[in-house]
Amino acid sequence: MNLPLDISPKVDSALKSGAPVVALESSIISHGLPCPDNIELAVETERLIETSGACPATIAVMDGRIRIGLNLDELEKLSSGDDIAKLSRSDIPVALAKGLTGSTTVASTMICSRLAGIEVFATGGIGGAHRGAELSFDVSADLTELANSPVIVVSSGAKAILDIPKTLEILETLGVPVIAFGQSAFPAFWSRTSGFDAPHRLDSTREIAAAFHFMRELNLPGGLLIANPVPEGSELPLPEVNRWIDRALLDLERNTMHGKAVTPFLLDRIVGLSGGLSLKANKELVKGNAALAARIARSLVRFRASISAARRKF
Ligand code: PSU
Ligand code: MN
């Protein structure tokens, strides 16, 4: 492969032996959460995936090389530097050309996962259509990437700061299967329900593995979006969340912020407005998604083994 791509020995041996692997993004570390909560969560999430029987692989670009599986020093660097670039799909080729260091968003983590052969990826909430997107045209590249890269993205839905119905409409147009896990409602990041139903509901990780298998067999590009609600005890009430969001959006207008700075600005403002409650919920939902992603990765291995066993019989 003519790419500066390094897979850590641990992740490499897991992939080669067909063991379950779960990718993790790094933009959430550098731009989604304050320090030191970000590094604590990054380490804890990796540990949780390990104890759930899968190999964690945090992804970033370091000095112009795509890195799959980071060590503690590297995670710390991404958690404490103010000058870490936020790299989405359109930024990756330039970052490699310039030898930059940057954190990967959902979109670019999907691209790197595909390159490494990782099929399951855990995050917090995906990007989507921002409120007012009909005027600003601010729609995250996460959505188009879900239609392109074959990865199961385990999230708590789209971030509640976004326009959820518009985001769901775009995903439908793109033909991305959006699947709520264990409930009908599409979750809203810090809250278990957004007030809108997800197009699909599945209740077992085996069914998710089967859906992904058939997506591949149908030769459909792209992945699945799994929407896993925040754990019950950590949920924040939607009406209160919406008050914080409205206030943060007013501050955003005053700051005339745009582009990739918008999402980190809003998340940070809401941590302040909620007195840290949103941060606590964000950490718990990421851990919940990591644990579910590990179960899905294990189910995928088992599902494939059962299919090849069945094939051998006939
Ligand atoms: N999940 C979180 N916090 C985050 C993100 C996800 O709990 O900060 C990041 C992801 O990297 C996602 C990005 O891709 O926010 C969306 O940014 P934008 O809206 O600029 O595309
Ligand atoms: Mn945007």
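In table form, for the structure just shown:
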read-out	value
Residue check for GLU207: surrounded by 14 or more Cβ atoms within 10 Å (Cβ to Cβ) and more than 30 Å from ARG131 (Cβ to Cβ)	yes
Residue list for region 142-164, restricted to those being open to solvent by 10 Å² or more (accessible area, probe 1.4 Å), away from ligand 1 (no atom under 13 Å from the Cβ) and among the β-branched types (Val, Ile, Thr)	ILE164
Pairs where the first residue, in region 128-141, is closer than 10 Å to LYS166 by Cα and in a helix (DSSP H, G or I) and the second is within 9 Å of ligand 2 (Cβ to nearest atom) and not acidic (Asp, Glu), C-beta under 8 Å, 6+ apart	ALA133/VAL139
Options ILE92, ILE66: the member that is open to solvent by less than 40 Å² (accessible area, probe 1.4 Å), modelled with pLDDT of 95 or more and part of a strand (DSSP E or B)	ILE66
One residue from ARG302, ARG295 being away from ligand 1 (no atom under 13 Å from the Cβ), open to solvent by 30 Å² or more (accessible area, probe 1.4 Å), in contact (Cβ under 8 Å) with a residue 60 or more places away in the chain and touching a Ser or Thr at 6+ places or on another chain (Cβ under 7 Å)	ARG295
Where VAL61 falls short, out of the listed (1) part of a strand (DSSP E or B); (2) open to solvent by 20 Å² or more (accessible area, probe 1.4 Å); (3) not hydroxyl-bearing (Ser, Thr, Tyr)	(2)
Checking HIS31 against (1) over 17 Å from the mean Cα position of the chain (by Cα); (2) open to solvent by 30 Å² or more (accessible area, probe 1.4 Å), the condition it does not meet	(1)
Residue that is most open to solvent (accessible area, probe 1.4 Å), among those in region 103-141 that are away from ligand 2 (no atom under 16 Å from the Cβ) and more than 13 Å from the chain's Cα centre (by Cα)	ARG114
Set THR58, THR123: member being among the hydroxyl-bearing types (Ser, Thr, Tyr), under 18 Å from ILE7 (Cβ atoms) and at pLDDT 95 or above	THR58
Residue list for region 109-127, filter: in contact with a helix residue (DSSP H, G or I) (Cβ under 6 Å, 6 or more places away or on another chain) and near ligand 1 (Cβ under 8 Å from one of its atoms)	THR123, GLY124, ILE126, GLY127
Conditions (1) in a loop (DSSP other than H, G, I, E, B); (2) closer than 22 Å to ILE111 by Cβ; number of the one not met by LYS260	(1)
All positions within region 1-35 that are under 19 Å from PHE265 (Cβ atoms) and among the aliphatic types (A, V, I, L, M)	ILE28, ILE29, LEU33
Output for region 233-270, where each listed residue is open to solvent by 90 Å² or more (accessible area, probe 1.4 Å) and within 20 Å of the chain's Cα centre (by Cα)	LYS260, ASP268
Which numbered condition THR167 misses (of (1) within 16 Å of ligand 1 (Cβ to nearest atom); (2) surrounded by fewer than 24 Cβ atoms within 10 Å (Cβ to Cβ))	(2)
Tally, over region 34-49, of residues that are surrounded by fewer than 24 Cβ atoms within 10 Å (Cβ to Cβ) and in contact with a strand residue (DSSP E or B) (Cβ under 6 Å, 6 or more places away or on another chain)	1
Odd one out for ALA85, checked against (1) over 16 Å from the mean Cα position of the chain (by Cα); (2) away from ligand 2 (no atom under 16 Å from the Cβ); (3) within 30 Å of GLY259 (Cα to Cα)	(2)
Subset of region 69-89 (residues that are touching a helix residue (DSSP H, G or I) at 6+ places or on another chain (Cβ under 8 Å) and open to solvent by less than 50 Å² (accessible area, probe 1.4 Å))	GLY69, LEU70, LEU75, LEU78, SER79, GLY81, ILE84, ALA85, LYS86, LEU87, SER88
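The values are calculated or read from the model by the stated rules, or taken from the named source; none is laboratory data. The structure presented is a predicted model; accordingly, all values stated were derived computationally and were not measured. When we count neighbours, we look across all protein chains shown, and the Cβ atoms used for this are built from the backbone with ideal geometry, even at glycine. Just so you know, the surface numbers come from the protein's heavy atoms only, side chains and all, with ligands and any DNA or RNA stripped out. Shrake-Rupley method; radii C 1.70, N 1.55, O 1.52, S 1.80 Å.
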